[in-house]
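Structure first, commentary second.
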Amino acid sequence: MATRTIEIHEAVQGQNDQIAARNRAMFEEAGVYVINVMSAPGSGKTEFLARTLADIALHPSDEQANPGHKLRMAVVVGDIATDNDARRLAVSGVEVVQITTGGYCHLDADMVAKAIAHLNLQDLDVLIIENVGNMVCPATFDLGEHARIALISVTEGEDKPLKYPTLFKRADVVVINKIDLAEAVGYQGYVVIDNLSRVAPQAYVIEVSARTGEGVEDWYDYLKAMQGLHNKSICYV
Amino acid sequence: MHEVGLMQHTLDIVFDRAMREDSHRVKAVHMRVGEDAGVVPDALQLAFAALSQNTMANNAVLEIECVPVRCFCQACNRKFTPGDIFYECPTCGKLAAEVLSGHEFELVSFEVD
């Protein structure tokens with residue numbers, strides 16, 4: 001039989017992208033601002049998020065006291081094993097959903113879709129997705145988020161952004177954590193900042209210490225500003 | 001890292017179309033994969049070999065055209081091919097380049113008999 005060619009010329013949008021698009025539509029509909037936080041294991045992601053929740057998340061007991069300055073937040077956290085991170089973050093009083101991947105080295109859109117079914121998105125200003133500690137795979141899986149936060153720490157070496165270009169090129173914010181340890185490890189901030197300015201010129205870079213609180217106000221200002229832009233109840237004329 | 005899932009999805013499209021065209025044997029599949037698509041061509045070949053076994057694409061060939069990264073510098077109004085991970089315009093050195101190609105994952109065509 002003669003060979004014939006069937007022309008397609010179409011992008012193959014994997015199943016993940018299709019589910020991510022559905023997640024994104026749900027987030028838009030609910031008016032919730034969603035961030036995907038990624039880093040290597042041990043960079044201090046959980047500590048950074050725990051401080052964020054403690055400082056600016058609306059706590060059930062805050063109802064009467066100036067809720068306008070705090071955000072209604074929830075967290076979806078992914079780990080291969082244990083629910084330790086979820087327990088740490090739940091101390092803040094916000095709702096936390098733990099995804100235990102049981103071997104997958106990254107979160108995908110389907111896992112997130114199943115997790116958010118446990119949340120009332122309409123009641124949220126911000127949803128934080130804490131990804132599995134891994135600088136490779138999470139970078140290539142769209143979860144439906146609005147912004148990608150890449151977190152590194154001063155103990156990881158100044159060439160980190162060069163070693164993982166995919167993650168940093170797609171990051172909206174780069175948080176450099178543990179600056180309280182900068183002197184002890186001989187951290188050369190200007191080298192990291194220079195590398196980031198070349199690999200990730202689009203990213204907003206912040207240096208913080210989740211432990212001491214140094215620099216976190218810049219992060220809170222960014223988060224509040226971005227959430228405000230996505231808030232459906234605010235009309236910009 | 002997710003080449004298996006992507007290849008399965010690609011083959012699903014191929015098989016569905018092949019059957020609608022009344023074909024029962026796929027001999028070759030042609031794809032365009034961008035250099036910066038986050039997909040490793042060798043891994044894609046392995047996934048193809050594994051997933052096509054005992055299907056209508058058994059022993060078929062996967063041809064991959066690698067699409068290089070091309071950027072556009074708005075300041076200079078010119079396209080360029082970056083030499084490394086820094087998308088620096090060779091004329092003005094600016095980094096705010098628009099990426100024109102390099103992120104593709106496209107099923108171009110497939111051959112049947």
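What to note about this one:
- Secondary-structure-derived ellipticity at 222 nm for chain A, considering helices only, amounts to -10000 deg cm²/dmol, per-run term -39500 (n - 2.57) for DSSP H runs with n ≥ 4.
- Charge-dipole axis of the stretch A:41-165 as Lys and Arg at +1 and Asp and Glu at -1 on Cβ define it, positive-most pick from A:Val77, A:Asn120, A:Gly133: A:Gly133
- Residues in the stretch A:118-237 average 43 Å² of solvent-accessible surface per residue, probe 1.4 Å, ligands and nucleic acids excluded.
- When the convex hull of its Cα atoms is projected in every direction, mean area for the stretch B:1-45 (nm²): 3.4
- Cut-off under 5 Å, modelled amide H: who pairs with A:Tyr204 long-range: A:Val173, A:Val174
- Taking the chain by itself as reference, the stretch B:82-96 contains these residues with an accessible-area loss of 10 Å² or more in the full protein complex (1.4 Å probe, heavy atoms): B:Ile85, B:Phe86, B:Tyr87, B:Glu88, B:Leu95.
- Most to least accessible of B:Phe72, A:Phe27 (protein chains only, probe 1.4 Å): B:Phe72, A:Phe27
- Counting DSSP beta bridges with both ends in chain B, the antiparallel % (nearest 5): 65
- Estimated FRET transfer efficiency (A:Arg211, A:Asp83; beta-carbon r; R0 22 Å; 0.05): 0.45
- Spacing of the modelled spin labels on B:Gln8 and A:Tyr204, each 7 Å from Cα toward Cβ, amounts to 3.8 nm.
- Surface analysis of the stretch B:9-81 yields an accessible area of 55 Å² per residue, using protein heavy atoms and a 1.4 Å probe.
- In this assembly, the A-B interface accounts for approximately 2500 Å² of buried accessible surface in total, computed with a 1.4 Å probe and without ligands, DNA or RNA.
- For chain B: Kirkwood Rh in Å [reciprocal of mean 1/r, alpha carbons]: 15.6
- In the frame of its principal axes, chain A has Cα extents of 75, 45, 45 Å, reported largest first.
- Take every DSSP beta bridge whose two residues both sit in the protein assembly as shown; close to 35 percent of them are antiparallel.
- Shielding score for A:200-210, defined as the mean number of other chain Cβ atoms within 10 Å: 1
- For the stretch B:5-22, backbone phi angles converted through the Karplus equation (6.51, -1.76, 1.60; θ = phi - 60°) give residue-by-residue couplings of x, 5, 5, 4, 5, 4, 5, 4, 5, 4, 5, 4, 5, 4, 5, 5, 8, 6 Hz, Gly and Pro being listed as x.
- Residues of the stretch A:122-156 buried by at least 20 Å² of accessible area upon assembly of all protein chains, compared with the chain on its own (1.4 Å probe): A:Cys137, A:Thr140, A:Phe141.
- Remark on the stretch B:1-37: accessible area falls by at least 50 square angstrom from chain-alone to full-complex state for B:Met1, B:His2, B:His9, probe 1.4 angstrom.
- A:Tyr222 - accessible surface, heavy atoms, 1.4 Å probe, Å² rounded to 10: 40
- Residue-level accessible surface for A:Asp108, protein heavy atoms, 1.4 Å, Å²: 30
- Solvent-accessible area of the protein assembly as shown (1.4 angstrom probe, protein heavy atoms only): carbon and sulfur portion equals 50 percent.
The values are calculated or read from the model by the stated rules, or taken from the named source; none is laboratory data. Nothing here was measured: the structure is a model prediction, and the numbers come from that model. Counting neighbours? That spans all protein chains shown, and the Cβs are built from the backbone with ideal geometry, glycine included. For the accessible areas, the whole protein counts, side chains as well, though only heavy atoms, and no ligand, DNA or RNA atoms are used. Shrake-Rupley method; radii C 1.70, N 1.55, O 1.52, S 1.80 Å.
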